């Protein structure tokens, strides 16, 4: 929740593409460019997954340029078509023949109609003419000859529907495969037509079945699907491919397949499938909500496409096809000749033979590989958009740029992977473009907002605090710039004052430039240690550096870090002195004071000059403690509050002191080393010191002297023991004071 409130403007910006995507998916705001992109993605996916193999079961009998050159221009006399049918079905023993050509008008190419007119008019007085015509009439009635060749044969004729405003009709439609009553009153949205062009009655009456050849030409002019069942005047007619598949499988009954979900109402406008039935045998062919099916293209089209075998119709008529080559094959008679205008734009070619569309559809039916856009595609798209969009909106604002790129790429890869898996395994074609565009746009907006808005505030924050705090803390701060401010506030912090000893003497003997170089060298070394332990540099005051821990970045272990830094600084000064001795430079010393307490921290100063600093009584005490380091002959003096919070160190209590301006005495300590570092001898020294300090506060001077003598034998260099020996000598002459608390009063700063 805290993350949400911290990044809510960026989250809101990232959600903008999601809102528009959901409006598009729900049909409230339709963006044609997204539909076009979905089509492009579908086409690319189709081309990438096509088997590109030859289907040996289906052969296309092609009315090609060669056939037109040898047999003559189209339409051919139906006596030739009868001969073609006889050769294919009776001689070659093909299993099935479908026609992707139409016969909407009688064939008058034999001249029979004119001869009959002559017999009735000009030559009616010539009985010999009428008798001879009667003998020839059977051989000149090409429609009858063609009809006889189709009779009782496994033949499916083709016809077409139109959407002309005039509703023109020609020929005879076959019987519909479904009546409106079969839909149980449900308003299924079939592809509907207002007219048709079918075959003449003598042919339509003898063919086993007939099917429409209409593809669906989409807005970009590309054919991707066909209406498996089409509507004309509240009656329902099957496609050529479905009719051929039914005749081939012997499943005469066609019924609507309704979804089985119980929560769907009777007014649900969609079918799940088309059911083909024969007795107890049922086969379901999936369809989308318009009862259409995407064409499962096998590969490039045409005789050289490699998906289906092509046989020239002229070769069949001339008996150049060896007997038995087409046995048990499924044949489709169509054309690839450009002049006959049956070339279509499809996802796999811009001049794709229309007859091969039906061949692909039959192949898909036979293989059970039919692709459809399911009726729940909209719901699926909304869910996917919501999940992916919400994931990006909540995750991206909290991530760095590389992680945001990786997360966005992961979401996009998941979307593509899920879509491809559903397509390849279940044959489901689901929307993808909207989700991809939403993800790309959400990422772009998020990154733009981060760069132009948040990065500016982060740069300002880095510029503001960069001189005070170490870079690694600035890196933490810029992750949540709203949580950091220069506004003054009260916090528990640990403050450090570090003073360089011997600076005044050095300034009297060294050149200013030498002194500057020396001071810069020392302060650089000490500053690196402070910043390396998450400290904030407050200021440099001559030969003194002031720092604090716990702000602006919250640091729970601020006291321990300050003590650790003080030990490292003492060691660093010793190493510097080794270098100085080698270079002939004067040695230096430092005194450090540490105190923990409530302080006011923030941007303070005047209108002319301001700084990020700390003030308060706890700060003043820290400054006093630094001054006491010289008095007690130690490098570091730490208050009781700091020692209490720093349990990782061994300590030596120095005294109880009452500094100027304070009535309450405070215990002061010196860090000896990290816990466990002192040896056994030093542990004995600390134990002896504890006894000496107790005797001192009990005013037992004799016992205190004994302990101090022992301590001086243990560590003769320790000034602290000599200091207390001198105090005992001066206090011994005074009478016992029952009110004395053992504290030392300091009246100067």
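Packing, as the average of other Cβ atoms within 10 Å across residues, places the peptides 338-345, 554-561, 577-584 in the order 554-561, 338-345, 577-584, highest first. For the chain, relative contact order (Cα pairs under 8 Å, six or more residues apart, normalised by length) works out to 12 percent. Centroid-to-centroid, using Cα positions, the range 413-430 and the range 38-62 are 18 Å apart.
The packing ranking of peptides 585-592, 349-356, 46-53, highest mean first, is 349-356, 585-592, 46-53, where packing means the average number of other beta carbon atoms within 10 angstrom of each residue.
Sequence-distant contacts, meaning Cα pairs under 8 Å at least 6 residues apart, place the relative contact order of the range 489-674 at 24 percent.
Taking the range 184-224 and a reference point 7 angstrom along Cα→Cβ of residue 164, the backbone N atoms nearer than 12 Å belong to 194-198. Length gained on full extension, residue 217 to residue 401, computed as 0.36 nm times the residue gap minus the Cα-Cα distance: 61.8 nm. For the range 82-103, the residues whose backbone nitrogen is under 15 Å from a point 7 Å from the Cα of residue 322, taken along Cα to Cβ, are 92.
Given only helices, namely DSSP H runs of n ≥ 4 each adding -39500 (n - 2.57), what is the per-residue ellipticity at 222 nm of the chain, to the nearest 500 deg cm²/dmol? Kindly include the intermediate steps, with their values, before the conclusion.
Values: 24 runs with 325 residues, N = 749.
Helix-only estimate at 222 nm: -14000 deg cm²/dmol.
Taken along the Cα-to-beta-carbon direction at a fixed 7 Å, the label points for residue 719 and residue 90 span 13.0 nm.
Full extension of the chain between residue 139 and residue 611 yields a length gain of 158.5 nm, computed as 0.36 nm times the residue separation minus the alpha carbon distance.
Rounded, prolate or oblate: which fits the range 336-437 when a ≥ b ≥ c are the square roots of the eigenvalues of the alpha-carbon gyration tensor, with rounded for a/c under 1.5 and prolate only if a/b beats b/c? Because a/c hits 1.5 or more and a/b exceeds b/c, the range 336-437 counts as prolate.
Compared with the dominant Cα axis of the chain, that is its longest principal axis, helix 354-367 is turned about 70°. Using the Cβ-Cβ distance between residue 249 and residue 30 with R0 set to 60 Å, the FRET efficiency from 1/(1 + (r/R0)^6) comes to roughly 0.90. Angle between the Cα long axis of helix 377-395 and the longest principal axis of the chain, 0 to 90 degrees, nearest 10? Between helix and principal axis, roughly 20 degrees.
Sorted largest first, the principal axis extents computed over the alpha-carbon atoms of the chain equal 173, 58, 55 Å. Principal-axis analysis of the Cα atoms of the chain puts helix 512-532 at an angle of about 60° to the longest axis.
How would you rank 303-316, 429-442, highest first, on the average number of other Cβ atoms within 10 Å across their residues?
Working: 303-316: 19.3, 429-442: 21.9.
Descending packing order for the listed peptides: 429-442, 303-316.
When restricted to Cα atoms, the range 19-72 yields an Rg and a Dmax of 21.1, 63 Å, respectively. Take residue 186 and residue 52, extend 7 Å from each Cα along the Cα→Cβ direction, and tell me the distance between the two endpoints in nm. So the label points at residue 186 and residue 52 sit 4.0 nm apart.
Using 0.36 nm per residue and subtracting the Cα-Cα separation, the extra length available between residue 351 and residue 420 on full extension is 22.1 nm. For residue 12 and residue 743, what is the calculated FRET efficiency with R₀ set at 51 Å and r taken between the beta-carbons, to the nearest 0.05? The pair residue 12/residue 743 has a calculated efficiency of 0.25.
Mind running the shape call on the range 623-749? Use the C-alpha gyration tensor, a ≥ b ≥ c as the square roots of the eigenvalues: rounded below 1.5 for a/c, prolate if a/b tops b/c, oblate otherwise. Intermediate results must be reported in sequence, preceding the final value.
On the way: a/c = 1.74, a/b = 1.08, b/c = 1.61.
Oblate, because a/c is 1.5 or more while a/b does not exceed b/c.
Report relative contact order for the range 679-736 in percent, whole number only (criteria: Cα-Cα under 8 Å, sequence separation at least 6). Computed over the range 679-736, the figure is 30 percent.
For the pair residue 727 and residue 541, a Förster radius of 45 Å applied to the C-beta separation gives a FRET efficiency near 0.90, rounded to the nearest 0.05.
Here, each number is a calculation from the coordinates, and none is a lab measurement. Quick caveat: nothing in here was measured; it's all calculated off a predicted structure. With ideal geometry, Cβ positions are generated from the backbone for all residues, glycine too; neighbour counts draw on all protein chains shown.
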